[in-house]
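Inspection log for the structure reproduced underneath, given as structure tokens.
The values are calculated or read from the model by the stated rules, or taken from the named source; none is laboratory data. Note that the coordinates shown come from a computational prediction; the quantities given were computed from them, not determined experimentally. Here the Cβ positions follow ideal geometry from the backbone for every residue, glycine too, while neighbour counts run over all protein chains shown.
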Amino acid sequence: MTMKVKAVSAEASALERVVSAAREVQAASQRLEAHYLQYPDEPPTTLELARFAAAMQELKDAREAFDALVAKGAPPLTVNRKIGMARRT
């Protein structure tokens, strides 16, 4: 059985990193929200806060890396709103 390997552009990889980081922020945020719903008078643990802070930092770093990559000269994406597809201009 042969495994197909899909070539991924640097831009796609950077965007995937942003999406993954955003999901981590959402998950950490949901954990904090659950904590406050269950224990409204108790602060979250240091670990819960550290996870949220690390997730936020990774999202910031991922967005900056993506923005820098796009700013290097790649033409901007335009979105065809009728069909929801992006293309280079």
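Between a residue in segment 57-68 that is among the basic types (Lys, Arg) and any residue that is assigned to a helix (DSSP H, G or I), which pairs come within a Cβ distance under 6 Å, given they are 6 or more apart or on different chains?
Qualifying pairs under 6 Å: 63/18.
I'd like the residue in segment 57-89 that is over 19 Å from residue 19 (Cα atoms) and among the charged types (D, E, K, R) and, out of all such residues, is modelled with the highest pLDDT.
Among residues in segment 57-89 that are over 19 Å from residue 19 (Cα atoms) and among the charged types (D, E, K, R), the one modelled with the highest pLDDT is 72.
For segment 14-24, indicate whether the set of residues that are at pLDDT below 95, touching a Leu at 6+ places or on another chain (Cβ under 8 Å) and not charged (D, E, K, R) is non-empty.
Looking for residues that are at pLDDT below 95, touching a Leu at 6+ places or on another chain (Cβ under 8 Å) and not charged (D, E, K, R), one finds at least one in segment 14-24, hence yes.
Pairs only if they're at least six apart or on different chains, beta carbon under 9 angstrom, first in segment 43-56 and modelled with pLDDT of 95 or more, second of a type in the set (Val, Ile, Thr) and in a helix (DSSP H, G or I); list them, first residue then second.
52/25; 55/25; 56/25
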